[in-house]
1. Just the residues that are of a type in the set (G, A, S) and in a strand (DSSP E or B), please, taken from segment B:79-100.
2. Count, please, the residues in segment A:50-69 that happen to be over 15 Å from A:A160 (Cα atoms), at pLDDT 90 or above and surrounded by 15 or more Cβ atoms within 10 Å (Cβ to Cβ).
3. Please enumerate the residues belonging to segment B:51-81 that are without any contact (Cβ under 8 Å) to a residue 40 or more places away in the chain, among the basic types (K, R) and more than 13 Å from ligand 2 (Cβ to nearest atom).
4. Being at negative phi, modelled with pLDDT of 70 or more and of a type in the set (V, I, T) is true for just one of B:V225, B:V257. Which residue is that?
5. If you go through segment B:65-75 one residue at a time, how many are outside any loop (DSSP other than H, G, I, E, B), within 16 Å of ligand 1 (Cβ to nearest atom) and not aliphatic (A, V, I, L, M)?
6. Determine whether segment B:194-212 contains at least one residue that is assigned to a helix (DSSP H, G or I), within 14 Å of chain A (Cβ to nearest Cβ), away from ligand 1 (no atom under 16 Å from the Cβ) and modelled with pLDDT under 90.
7. Against the conditions (1) within 14 Å of another protein chain (Cβ to nearest Cβ); (2) without any contact (Cβ under 8 Å) to a residue 60 or more places away in the chain, where does B:K99 fall short? Just the number, please.
8. Find the residue count for segment B:101-125, including only residues that are within 18 Å of the chain's Cα centre (by Cα) and under 21 Å from B:M139 (Cα atoms).
Amino acid sequence: MAAMKTVRAIGHRVVDAVWRMGSATRFFALVLLYSASSFRRFRLVIKELFSSGVMSLIIILVAGLFVGMVLGLQGYETLKRYGSESALGSLVALSLVRELGPVLAALLFASRAGSAMTAEIGLMKATEQISAMEMMAVNPIARIVAPRFWAGVISMPLLAAMFSAVGVFGGYLVGVVQIGVDEGSFWAQMQAAVDFREDILNGVLKSFVFGTVVTVIALFEGYDAQPTAEGVSGATTRTVVNSSLAILMLDFVLTAIMFRGN
Amino acid sequence: MQWFRMCDLFFWASTLSSTALVEIRDLNFTYDKRPVLQGINMTFPKGKMVAIMGLSGCGKTTLLRHIGGALKPSKGSVKIDGQVMHELDQAGLYAMRRKMGMLFQFGALFTDLSVYDNVAFQMREHTDLPEDIIHDLVMMKLHAVGLRGAQDMMPSELSGGMARRVALARTVALDPMLVMYDEPFAGLDAISLSVIGDLIRRLNDALGATSIIVTHDIQESLKIVDYVYFMAGGVIVAEGTPDELRACDTDFVRQFVHGEMDGPMPFHYPSGDYRQELNLRD
Ligand SMILES: Nc1ncnc2c1ncn2[C@@H]1O[C@H](COP(=O)(O)OP(=O)(O)OP(=O)(O)O)[C@@H](O)[C@H]1O
Ligand SMILES: [Mg+2]
């Protein structure tokens, strides 16, 4: 009996999850459908770029610096065993550009900007602002959701690039300035190792995908939230959890496709 | 339900000449199997002000949402200007809503926009008016509700009554032909209350608009409206013009006017036996 119950509960959750994924996809399609007006009134997107992108900047820069510094230290310790400290530059840059930049920036973006988007839209729903807008014959997906979506999609690759740039600088600070790795070989190795198409474009592509996914999840959770205080707080939590999981899973998939066998 | 049939006759006779803007026929609605509206029939003639009154939870807001096309009836229909609301597609619905204004019960001001931008919202969304004309229009609307000085404030900085007045200015920003007010008087002091009451009446008369007012404030509304519907438990229990209602001295109106708890309209939401609930034994 108990086993039956467990099976049924699991079944319920799976059906529920699939159902939500379906609604989220439909929502995504609607956002794209109503995006034209965001581009006609780009002012709205710029306002959201400020509140999601610029506001995440500080946390991204600080985190990037520290991650780069840790990479410098750990990388040096490991490379020293093989006597190839001069490869530190390429190690730091490749780790950041290929993986850590897009992934960590996206995780930070999800918890900083994504959660804020969910809470904001959820509260708008709870206080009937969305209903009021619909009563004014203004489509809330076009007016509220689409500009935020494009702001997220645009700012994510930029934030990831800044994360990587600051991270490289952090690696330089620790590796060259503090430990004393040769500065010339640090930069030269980096320049030789990092390929524009293979590494940088793939990294940008990753962060573009992450930005899309995080923003869609955040907006969907907000728009779909129960219009109550608990509903909004639950939705905010789900945004952070679901988008973090989605980022890490997608990262594996994308990495497998992009860097297979070389 | 037949308390007021007598009084009706007079009203119908007087409105036969003017045409109805909104017609509600046999409207039924259930929330998760719980009936909220049951067989509502109402008529809102063009250019008139009609009040809908009733106790908390009797379905007034739900009714307004049907008129705005935000909810679909389980049975029956709402017809505006000859068009059945729940049969319109999105474009038709939006076209209809552009001619309507709705004051939400809790204001529903856009919290990320200033007072000025809230009132200007629909002008910017729906018209190509130049900014200086929008400015003048916004000032006129804000002046009418006495809040021209608050134009730069954000909704979070307003008191409840101020927010409601801003919401009122926003509702009538584009001079709609049908205006619905969900509790326009709640949270207003005596002065604002009568000013807003007058304002609503003047808007109605000056624009030739039709107004539907949901309210608990029987004294204020009897002063300004042309007709009143009383609802209880999802049905209409009484209706008539203010004069008729003052004259028709039933339990029902007395309960309302004097705020007595006992009367034909139950104060309690349907519930089990109170003594049993408290585990009291005789
Ligand atoms: N979203 C909802 N889900 C389920 N039931 C609801 C919902 N909204 C309202 N109801 C129920 O519908 C009934 C009518 O609600 P409504 O908001 O229309 O009342 P009202 O007459 O406007 O009351 P008030 O004067 O307090 O605003 C209530 O019993 C309420 O419990
Ligand atoms: Mg209500």
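The values are calculated or read from the model by the stated rules, or taken from the named source; none is laboratory data. All figures in this text were calculated on a predicted structure; none of them were measured in a lab. With ideal geometry, Cβ positions are generated from the backbone for all residues, glycine too; neighbour counts draw on all protein chains shown.
1. Start the filter on segment B:79-100 by keeping residues that are of a type in the set (G, A, S), which leaves B:82, B:91-92, B:95.
Across segment B:79-100, there are no qualifying residues.
2. Taking segment A:50-69 as the starting set, the residues that turn out to be over 15 Å from A:A160 (Cα atoms) are A:50-51, A:69.
Remaining after also requiring at pLDDT 90 or above: A:50, A:69.
Remaining after also requiring surrounded by 15 or more Cβ atoms within 10 Å (Cβ to Cβ): A:69.
Of the residues in segment A:50-69, 1 are over 15 Å from A:A160 (Cα atoms), at pLDDT 90 or above and surrounded by 15 or more Cβ atoms within 10 Å (Cβ to Cβ).
3. B:K72 - this is the single residue of segment B:51-81 that is without any contact (Cβ under 8 Å) to a residue 40 or more places away in the chain, among the basic types (K, R) and more than 13 Å from ligand 2 (Cβ to nearest atom).
4. Values: B:V257 fails: modelled with pLDDT of 70 or more.
Just one listed residue meets the conditions, B:V225.
5. Taking segment B:65-75 and keeping what is outside any loop (DSSP other than H, G, I, E, B), we get B:65-67, B:75.
After this cut, where a residue has to be within 16 Å of ligand 1 (Cβ to nearest atom) as well, the list is B:65-67.
Checking which are not aliphatic (A, V, I, L, M) leaves us with B:65-66.
Summing the residues that are outside any loop (DSSP other than H, G, I, E, B), within 16 Å of ligand 1 (Cβ to nearest atom) and not aliphatic (A, V, I, L, M) in segment B:65-75 gives 2.
6. Step one: filter segment B:194-212 for residues assigned to a helix (DSSP H, G or I), giving B:194-207.
Narrowing the set further to residues that are within 14 Å of chain A (Cβ to nearest Cβ) leaves none.
Taking every residue of segment B:194-212 in turn, none turns out to be assigned to a helix (DSSP H, G or I), within 14 Å of chain A (Cβ to nearest Cβ), away from ligand 1 (no atom under 16 Å from the Cβ) and modelled with pLDDT under 90.
7. (2)
8. Residues of segment B:101-125 within 18 Å of the chain's Cα centre (by Cα): B:101-109.
Narrowing further to those that are under 21 Å from B:M139 (Cα atoms): B:101-103, B:107-109.
Number of matching residues: 6.
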